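Input: a single structure, listed below in structure tokens.
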Amino acid sequence: MHLKKEQGWRSNEGKKQLLTLKPYVPGKSIEEVKKETGLTKIVNLASNENPFGCSEKVSEALSAFSKYAHYPDSRARQLREKVANHLGVKQNQLLFSSGLDEMIQIISRCLLSEETNVVMASLTFPQYRHHAIIENVEIREVPLKEGRHDLEGMQKAVDERTSIVWICNPNNPTGTYVNEKELRRFLEQIPKDTLVILDEAYYEYVTVTDFPESISLIREYKNSLVLRTFSKAYGLASFRIGYAIGNEVLMEKLDVCRLPFNTSSFAQIAAQTALTDNTFVKRSSLVNQKGLQQYYSFCDEYNVQYYPSQGNFIYIKPDKNLEEVFQYLFHRGYIVHPTKGGIRTTISSVEDNNGIISLLTEMLIED
Ligand SMILES: *Cc1c(COP(=O)(O)O)cnc(C)c1O
């Protein structure tokens, strides 16, 4: 080691661009929060997990699995067949990953080289930016307009060097969406060698009728790609499994950057089982709609700004110091996600929603 240092060894300094990045900061564990607050019940509404768990069928299917010593099926063949049937796409139009977090990494690693740029909204899901920095590409962030993607602005930011446009639909953290008509107009104007990625992590919660039929769109526009996950409405976040749907040639190219065994056997079994229980997903979505209504009524009554949401979360802008709001809720057992300009909270059971709403009401009345 010494010898190498004297010879000018600096290889452990890493890539320069990493100096601006920090490792992901995990939220405090429920146990830690209990200790810190002295409370016995803590509700975590910071990660948009399904508050109702997952399909009951999942644990049954998992308990029948015992091939612990074997590597998982690299191509996730059973799951692949089921997802392909579920969506009406060809099997080789699919790519599976250890959650969409890994998919964003695979895509970035595969498609971004230093002379390219990426276009995305600001505020949006932070991982698009994180991986663009690691790949050392120029990032063109286009501010949201009233919480919504500014597709016109994004189109202007695209040039011949743009390799990816990220569209988070519905957008995390604002919950707003891009509709079919807007998206088509956008796709018409984008160069054919720029990939437009539609991150539909919350697809199962969407209720509006003008939401893009993205599976048809990827047939028409070969330069578009759709991302979906089992982490949110399916309630399988702990397993880490999600997928991309796109044209076959692109999928094969992306597959090169995937680790051979990136999804575990457990994750594949959990996902294919969850897919058969449509009732669970439907019920989650219905309860979510009711929960959103609770928040809308509260916000309308107390004049709190918010964006109507197509996800299982809502972004609100109480006229207060956001850190104070966070702390107030935290010390009363509710963990929410503070973000730029607002607070994002997961929609939960009627009781949990009421819990937060009455605390917020208390806070607003105090003035
Ligand atoms: C939660 C989330 C993801 C990541 O989901 P995983 O599949 O759990 O990695 C990706 N995109 C958006 C917009 C999300 O909210």
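The values are calculated or read from the model by the stated rules, or taken from the named source; none is laboratory data. For clarity, every value in this text was computed on a predicted model and none was experimentally measured. Neighbour counts are summed over all protein chains in view; Cβ atoms, including those assigned to glycine, are modelled from backbone coordinates with ideal geometry. Just so you know, the surface numbers come from the protein's heavy atoms only, side chains and all, with ligands and any DNA or RNA stripped out. Shrake-Rupley method; radii C 1.70, N 1.55, O 1.52, S 1.80 Å.
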Quiz prompt | Selection from segment 181-226 of residues that are among the aromatic types (Phe, Trp, Tyr) and in contact with a helix residue (DSSP H, G or I) (Cβ under 9 Å, 6 or more places away or on another chain) | solution = PHE186, TYR203, TYR205, PHE211, TYR221
Practice problem: Could you tell me whether any residue of segment 224-238 is within 16 Å of the ligand (Cβ to nearest atom) and in contact with a Lys or Arg (Cβ under 8 Å, 6 or more places away or on another chain)? | Solution: yes
Quiz prompt | Number of the condition not met by LEU364 [criteria: (1) more than 21 Å from GLN289 (Cα to Cα); (2) at pLDDT 95 or above] | solution = (2)
Exercise. State all residues of segment 122-133 that are outside any loop (DSSP other than H, G, I, E, B), of a type outside the set (S, T, N, Q) and within 11 Å of the ligand (Cβ to nearest atom); if no residue qualifies, say none.
Key: TYR128
Quiz item: What is the number of the single condition among (1) surrounded by fewer than 22 Cβ atoms within 10 Å (Cβ to Cβ); (2) farther than 29 Å from GLU32 by Cα that PHE330 does not meet?
Solution: (2)
Exercise. Could you tell me whether any residue of segment 110-119 is within 16 Å of the ligand (Cβ to nearest atom) and open to solvent by less than 20 Å² (accessible area, probe 1.4 Å)?
Key: yes
Self-check item: Given (1) open to solvent by 30 Å² or more (accessible area, probe 1.4 Å); (2) within 15 Å of the ligand (Cβ to nearest atom), number of the condition SER216 does not satisfy
Solution: (2)
Practice problem: Filter segment 92-104 down to the residues that are buried (at least 20 other Cβ atoms within 10 Å of the Cβ) and either among the small types (Gly, Ala, Ser) or part of a helix (DSSP H, G or I) (or both), then identify the one that is farthest from the ligand (Cβ to nearest atom). | Solution: GLN93
Quiz prompt | Cross-chain or 6+ apart pairs with Cβ under 6 Å, segment 241-268 first and charged (D, E, K, R), then assigned to a helix (DSSP H, G or I) | solution = GLU248/ASN92; GLU248/GLN93; ARG258/ILE106
Quiz item: Which condition number does ALA132 fail, the rest of (1) closer than 30 Å to LYS282 by Cβ; (2) without any contact (Cβ under 8 Å) to a residue 40 or more places away in the chain being met?
Solution: (1)
Quiz prompt | VAL25 assigned to a helix (DSSP H, G or I) and hydrophobic (A, V, I, L, M, F, W, C) | solution = no
